[in-house]
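Undergrad: Just dropping this structure here.
The values are calculated or read from the model by the stated rules, or taken from the named source; none is laboratory data. Predicted model only: the values in this text are computed from it and were never measured. Every residue, glycine among them, receives a Cβ derived from its backbone with ideal geometry; neighbour counts consider all protein chains shown. Please note that ligands, DNA and RNA were not included when accessible areas were found on the heavy atoms of the full protein model with its side chains. Shrake-Rupley method; radii C 1.70, N 1.55, O 1.52, S 1.80 Å.
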Amino acid sequence: MGDEELNSSIKCETRRYNVIIIGGGMAGLAAANYFIKNGMEDFIILEARNRIGGRIISIPMKNHKVELGANWIHGVLGNPIFEIATANGLVNIINIPKPHKVIAATEDGKQVPFGVLQEIHEAYVCFLRRCEEYFLCQYLPPPDINSVGEHINLEATIYLERLPSSEEKKLRRLIFDCLLKRETCISGCNNMDDIDLLELGSYTELQGGNIMIPSGYSGILEPLKKLIAPEKILTNHPVKKVIWDSDQHTARQLDDMGEESEDSDQTVIEDISRANSDKANNSEVTAPLTETPQKPKKKLLHNVEVICENGQSFYANHVICTIPLGVLKDNANTMFEPALPRYKIESIDRLLFSAVDKIFLEYERPFLNPDITEIMLLWETPSCPEDLAQSWYKKIYSFSKVTETLLLGWVSGKEAEYMETLSMDEVAVTCTKILRKFLNDPFVPEPQTCVCTSWKKQPYTRGSYTAIAVGASQSDIESLAQPLFKNVHDKKPTLLFAGEHTHSSFYSTVHGAYLSGQTAARRLLAPDDIPESTLDCPGTADLNTWIQGVQLG
């Protein structure tokens with residue numbers, strides 16, 4: 001064997017693992033931690049970015065630390081992220097909500113009476129809960145009503161019909177429209193007409209409200225990272241190809257090498273039926289009886305080859321793929337060899353992974369009334385479709401105070417994608433005009449700094465989080481989560497999937513991603529002889545254990 005081949009063999013050996021975890025976001029880190037805590041350290045994490053954390057990233061502005069990605073811990077009871085944060089002193093155990101005073105203003109700068117705002121908000125929440133009941137109670141909606149947006153608009157129309165004054169109706173309609181824009185940022189869609197009505201209730205909300213991590217959400221990464229040896233996380237390693245059923249590929253690889261592999265002493269004999277079939281097909285070619293029998297080719301030990309964009313190959317028995325749904329939508333057809341089953345590709349296509357972006361405006365000094373925490377923007381409804389360049393900013397439903405000198409606006413869907421094409425200076429100028437208009441104050445200052453996110457444009461995310469589109473269902477998430485086996489008799493899957501898009505009731509959340517990563521790792525470490533129906537939930541008051549039990553069932 002030449003020096004080149006020897007070096008290639010050594011490199012192959014050094015890049016061989018039991019498990020390759022693709023992605024160093026929350027799901028990948030959770031899987032790695034589960035392995036380490038259970039004594040399995042033969043793994044590597046391949047992360048495309050130059051940092052870990054995925055959609056968790058806190059960055060400094062001039063005087064503030066801001067969350068570009070995950071903003072809150074959604075719920076307390078049974079939430080493993082809250083438990084990690086509490087155990088590491090990142091949050092206060094007692095969460096005292098800050099006073100929240102919202103004002104709503106029209107485009108002419110007039111403030112809506114608080115009683116009207118409260119009335120419509122209560123009605124809206126009621127309508128939204130009714131939408132969730134279709135999933136929870138399994139009954140059918142009115143004919144031709146398929147989306148959450150259609151249902152809420154129908155309910156709002158019926159609700160407003162009782163009002164005699166057209167002005168009263170119009171004002172309340174504007175509030176409903178604003179709340180629906182807000183919902184697009186919560187759900188992760190362009191329009192609430194995109195969200196399947198029968199599936200809204202499939203998302204499970206954990207009790208306890210939304211909790212901020214004062215030092216920044218990125219603080220949650222440190223306790224997860226500290227157990228993992230630095231050499232086990234390879235950043236700047238975007239994955240190009242996952243060859244997960246290597247039977248055919250191995251044969252081709254051995255042919256390419258021109259000699260038997262030195263990777264294993266284990267031999268594999270050609271399938272007799274296939275050999276006989278080949279012999280029958282080539283019956284006119286008779287081999288001489290004196291021909292020396294060919295040595296059986298040696299089988300490579302690894303099941304999977306993962307090829308990165310830098311040309312490096314990594315080998316493993318199993319792969320946990322935590323690539324976000326947006327990237328799968330772009331690349332799933334070409335990334336996997338053999339191709340993913342059709343049912344998985346169809347589920348990837350049906351699920352929604354839209355853009356939700358943030359706009360941070362940092363000021364030198366406070367200019368809003370200290371009592372006000374949020375300004376809702378009641379945009380007039382256009383009579384005909386408008387060009388995005390002239391109207392994208394009308395999707396910003398409010399500006400809320402993060403601190404007295406930091407405002408946050410949210411924008412979703414097509415408008416968010418358009419905003420991502422603009423400079424931050426352009427966005428700052430537009431937002432200043434909006435604030436001056438709605439506050440009826442020409443002296444609203446320009447921000448010192450403006451920072452906008454660009455999740456749709458990010459090549460390793462391509463959107464924000466998963467939603468169930470009209471025509472999709474919870475079963476699409478379950479299909480996406482389904483692991484793949486190389487052979488029908490294998491005890492352990494070869495290719496597993498994790499990430500928020502694979503948790504059927506906590507999709508779109510960090511804790512959903514965490515639990516999915518843990519579940520994938522647990523599946524690989526579980527003894528082969530445990531029946532699949534067994535649910536191991538120790539007698540404990542730990543609700544996290546209960547939640548994990550539900551996830552496994």
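Undergrad: So which residues in segment 206-228 are open to solvent by 30 Å² or more (accessible area, probe 1.4 Å), assigned to a loop (DSSP other than H, G, I, E, B) and at pLDDT 95 or above?
TA: Selection gives Lys226, Leu227.
Undergrad: Which numbered condition trips up Thr381, out of (1) under 27 Å from the mean Cα position of the chain (by Cα); (2) more than 17 Å from Cys450 (Cβ to Cβ)?
TA: (1)
Undergrad: Given the conditions (1) without any contact (Cβ under 8 Å) to a residue 60 or more places away in the chain; (2) open to solvent by 40 Å² or more (accessible area, probe 1.4 Å); (3) more than 19 Å from His64 (Cα to Cα); (4) of a type in the set (A, V, I, L, M, F, W, C), which single one is not true for Leu439?
TA: (1)
Undergrad: Can you find, within segment 190-205, the residue that is farthest from the chain's Cα centre (by Cα) among those that are open to solvent by 30 Å² or more (accessible area, probe 1.4 Å) and among the polar types (S, T, N, Q)?
TA: The extreme case among them is Asn191.
Undergrad: Take segment 27-46 and flag every residue that is out of contact with any strand residue (DSSP E or B) (no Cβ under 6 Å at 6 or more places or on another chain) and either without any contact (Cβ under 8 Å) to a residue 24 or more places away in the chain or open to solvent by 10 Å² or more (accessible area, probe 1.4 Å) (or both).
TA: Those that are out of contact with any strand residue (DSSP E or B) (no Cβ under 6 Å at 6 or more places or on another chain) and either without any contact (Cβ under 8 Å) to a residue 24 or more places away in the chain or open to solvent by 10 Å² or more (accessible area, probe 1.4 Å) (or both): Tyr34, Ile36, Lys37, Asn38, Gly39, Met40, Glu41.
Undergrad: From the list Pro445, Pro483, pick out the single residue that is modelled with pLDDT of 95 or more and either open to solvent by 20 Å² or more (accessible area, probe 1.4 Å) or of a type in the set (A, V, I, L, M) (or both).
TA: The unique qualifying residue is Pro445.
Undergrad: Report those strands (runs of 3 or more DSSP E) wholly inside segment 38-146 carrying at least 3 residues which are closer than 30 Å to Arg16 by Cα. It would help to see each step written out before you state the result.
TA: Details: elements: 43-46, 58-60, 65-67, 102-106.
Result: 43-46.
Undergrad: I want to confirm something. Restricting to segment 170-181 and keeping residues that are buried (at least 17 other Cβ atoms within 10 Å of the Cβ) and among the basic types (Lys, Arg), which single residue is nearest to Trp392 (Cα to Cα)?
TA: Once the filter is applied, the top-ranked residue is Lys181.
Undergrad: OK, next. Residues to consider are Glu309, Glu364, Glu346; find the one that is open to solvent by 20 Å² or more (accessible area, probe 1.4 Å), touching an Asp or Glu at 6+ places or on another chain (Cβ under 9 Å) and acidic (Asp, Glu).
TA: After applying the criteria, what remains is Glu346.
Undergrad: Here's something else I'd like to know. So, Trp455, is that one touching a residue at least 60 places away in the same chain (Cβ under 8 Å), touching a Lys or Arg at 6+ places or on another chain (Cβ under 6 Å) and surrounded by 18 or more Cβ atoms within 10 Å (Cβ to Cβ) or not?
TA: In short, no.
Undergrad: What number of residues in segment 486-504 are in a loop (DSSP other than H, G, I, E, B) and crowded, with 18+ Cβ neighbours inside 10 Å?
TA: Here the count works out to 7.
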